[in-house]
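The values are calculated or read from the model by the stated rules, or taken from the named source; none is laboratory data. Worth saying up front: this structure is predicted, and the values here are computed from it rather than measured. As a convention, Cβ positions derive from the backbone with ideal geometry for all residues, glycine included, and neighbour counts pool all protein chains shown.
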């Protein structure tokens, strides 16, 4: 008797797809008026929320399943906004469900109970004299937002915290910040965000503005404009959050002549982008982007052509490309990548890949015995040419493996101890030093310092063509030791190298053996790969 | 410890400096008398060579280095000159023209046995030179112009010495010694 089995059911594929399709929810908050008259009204905060809501709900653009607009006084208190966020948890229950939370409001800064300077959104019931207790902490908003089951979340803050534009600071905070010229020191909330995209209308410490001509918050205006298709830079039919932000960011920057620079922080965004408008057509160019704070201000170049300033992105044709991120003269990232149609690649992830895996170099230098007697009676210090190979991150990340070959040939003179006052003995020599080692590597951007054990084989050949003695003498010995070196990536793949090694060498002369110190040094230029 | 390190280190072949530490020295002395003449490389252990009929001399495989060479061409002519013997090379001095010889004479006044007394010119082959029978006069030479250390003794014991006796060509320097 069977204890189990399959039951055939008749379900249409389209219905099945619809049941499992990711759902998209948006909550848009506009707070134009605050009860405390200290904060002046915002003319377009409600309109900002309504305009963006219209774009998101538009079947031809956003196609969100549910769009909720909160602009009424009772909907825009601290408690009401947090409840609205919590309500999303009951709707967006699956990881691939998509959630967007938008807030257009005053922003401000205040010290919390522990004295830390934090960002606040000025809700309807916020009081300027008691901001920390009455306004909506961006930290707490983020915490609620991050607790949602959805892993595709977008938080858009059309606000600022600079004390100007859409911001007003408590008097004591304003006085404290007045003396700071280098920007605010409070930790941006984005730094603690996880699995979210946070888009801000202005950078931390900058001013977000409304514009009477646009009749919107400037950033919001261009964000809505971008959702109409203008932001789809890779022409794949969908406007994803990063595309929309980059479009709004660029246009805001141009519109304000550089006075407002919207920022974004994106963490743990997987291969699935957050689509704000349109739908993927299955084609389109590939996207290269980065919103990593450490790359801010860097240039993204593709195949030698500057494509964008980071944070931001650029569309490239599918295929293999040489991608570089440069800041000033420094090449922060350099990688060859293969991107397919519609692919999205965070270029900062390339930095985590093993970078150039080594270098080959040609150099010049010299080697010789450390003691004078050996230099006089075996071989003087000799100039040498060298070729070296370095493999980085082998056998571990902090290590490099070296192999090098140093050669020298020429004529020299011996000054023998047992011939006091005698004339020097002329001879020809050939010396080859082949070494290998494993070094611990300390990498500081384009500069790396290495040190570690090394072993070398020293072959020394001497030839004499004298009246009473003609002959060749050959000697092969092992030379363990220690090496230290440095490399400096000066330009692209060009690398300068410096290396010194000290070795112990067992040498037998006239049948008598001794362990002698031996050293070599080279300086060279190489090609990093 | 050394043995352990040696065992650890592989070594093949060898380097040999010994062949470079000896050389040859050749030359020819003008007016040399084969029977009376000789050439000496002055040192604590002097090395000597003789002439052939033409006055040629040949030092073979002598330790390389700098020497003072005493050339005694005949009973009346001699020469002192510095030479350098190069390792594994034949050093050729060419023709050497001797000068009038110099001599050191010592007149001994003694009540002892003169026959057992001797004179030595250090760093030359003039070692324990005795006086002619019945004579109290000792003659050391011929010598080339230069400076010498001399001593006089009896049996195994020296009882007189004089350092840095510098002679001119043809000079005969005399000393009176009482013992």
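Apart from one condition, residue B:24 fits all of (1) within 11 Å of another protein chain (Cβ to nearest Cβ); (2) surrounded by fewer than 13 Cβ atoms within 10 Å (Cβ to Cβ); (3) modelled with pLDDT of 90 or more; the exception is (2).
Take the conditions (1) under 18 Å from residue B:22 (Cα atoms); (2) touching a residue at least 40 places away in the same chain (Cβ under 8 Å); (3) loosely packed, with under 14 Cβ neighbours inside 10 Å; (4) away from every other protein chain (no Cβ under 14 Å); residue B:48 misses just one of them, which is (3).
For residue B:110, the stated conditions do not hold, so it cannot be described as more than 9 Å from chain A (Cβ to nearest Cβ), touching a strand residue (DSSP E or B) at 6+ places or on another chain (Cβ under 6 Å), more than 27 Å from residue A:511 (Cβ to Cβ) and at pLDDT below 95.
A single member of A:359, A:386 is within 17 Å of residue A:450 (Cα to Cα) and more than 14 Å from chain B (Cβ to nearest Cβ), and it is A:359. Every listed requirement among (1) within 9 Å of chain B (Cβ to nearest Cβ); (2) touching a strand residue (DSSP E or B) at 6+ places or on another chain (Cβ under 6 Å); (3) outside any strand (DSSP E or B); (4) surrounded by 14 or more Cβ atoms within 10 Å (Cβ to Cβ) is met by residue A:394 save one, (1).
Test residue A:465 against the stated conditions and say whether it is in contact with a helix residue (DSSP H, G or I) (Cβ under 6 Å, 6 or more places away or on another chain), within 28 Å of residue B:13 (Cβ to Cβ) and either within 9 Å of chain B (Cβ to nearest Cβ) or surrounded by fewer than 18 Cβ atoms within 10 Å (Cβ to Cβ) (or both).
Numbers: in contact with a helix residue (DSSP H, G or I) (Cβ under 6 Å, 6 or more places away or on another chain): no; within 28 Å of residue B:13 (Cβ to Cβ): yes; either within 9 Å of chain B (Cβ to nearest Cβ) or surrounded by fewer than 18 Cβ atoms within 10 Å (Cβ to Cβ) (or both): yes.
Criteria not met by residue A:465.
Scanning the stretch A:274-313 for residues that are crowded, with 22+ Cβ neighbours inside 10 Å, out of contact with any helix residue (DSSP H, G or I) (no Cβ under 6 Å at 6 or more places or on another chain) and part of a loop (DSSP other than H, G, I, E, B) gives A:291, A:298, A:311.
In the stretch A:434-444, the condition of being within 14 Å of chain B (Cβ to nearest Cβ) and surrounded by 15 or more Cβ atoms within 10 Å (Cβ to Cβ) is met by at least one residue.
Please state which of the following conditions residue A:479 fails to meet, knowing it meets all the rest: (1) in contact (Cβ under 8 Å) with a residue 40 or more places away in the chain; (2) more than 14 Å from chain B (Cβ to nearest Cβ); (3) within 25 Å of residue A:394 (Cβ to Cβ). The single condition residue A:479 does not satisfy is (2).
Of all residues in the stretch A:51-67, how many are outside any loop (DSSP other than H, G, I, E, B) and surrounded by 16 or more Cβ atoms within 10 Å (Cβ to Cβ)?
Step one: filter the stretch A:51-67 for residues outside any loop (DSSP other than H, G, I, E, B), giving A:51-57, A:66-67.
In the following step, the residues that additionally are surrounded by 16 or more Cβ atoms within 10 Å (Cβ to Cβ) were identified as A:51-57, A:67.
Of the residues in the stretch A:51-67, 8 are outside any loop (DSSP other than H, G, I, E, B) and surrounded by 16 or more Cβ atoms within 10 Å (Cβ to Cβ).
Take residue A:506 and decide whether it is in contact with a helix residue (DSSP H, G or I) (Cβ under 7 Å, 6 or more places away or on another chain) and within 7 Å of chain B (Cβ to nearest Cβ). When the stated conditions are applied, residue A:506 passes them.
Residue A:34 satisfies every condition listed in (1) part of a strand (DSSP E or B); (2) more than 26 Å from residue A:151 (Cβ to Cβ) except (1). Apart from one condition, residue A:472 fits all of (1) at the interface with another protein chain (Cβ under 8 Å from one of its Cβ atoms); (2) loosely packed, with under 14 Cβ neighbours inside 10 Å; the exception is (1).
Counting only residues that are more than 34 Å from the chain's Cα centre (by Cα) and not in a helix (DSSP H, G or I), the stretch A:68-101 holds 7 of them. Kindly indicate whether any position in the stretch A:315-328 is more than 19 Å from residue A:303 (Cβ to Cβ), out of contact with any helix residue (DSSP H, G or I) (no Cβ under 8 Å at 6 or more places or on another chain) and without any contact (Cβ under 8 Å) to a residue 40 or more places away in the chain. Yes: one or more hits.
If you take the residues of the stretch A:445-462 that are within 27 Å of residue A:330 (Cβ to Cβ) and surrounded by 14 or more Cβ atoms within 10 Å (Cβ to Cβ), which of them is farthest from the other protein chains (Cβ to nearest Cβ)?
As a first pass, look at the stretch A:445-462 and keep what is within 27 Å of residue A:330 (Cβ to Cβ): A:445-452.
Those left that are additionally surrounded by 14 or more Cβ atoms within 10 Å (Cβ to Cβ): A:446, A:448-452.
Working: A:446: 38, A:448: 31, A:449: 29, A:450: 25, A:451: 22, A:452: 19 Å.
This residue is A:446.
Filter the stretch B:56-95 down to residues that are part of a loop (DSSP other than H, G, I, E, B) and under 19 Å from residue B:32 (Cβ atoms) and give me whichever is nearest to the other protein chains (Cβ to nearest Cβ). Filtering the stretch B:56-95 for residues that are part of a loop (DSSP other than H, G, I, E, B) and under 19 Å from residue B:32 (Cβ atoms), the one nearest to the other protein chains (Cβ to nearest Cβ) comes out as B:73.
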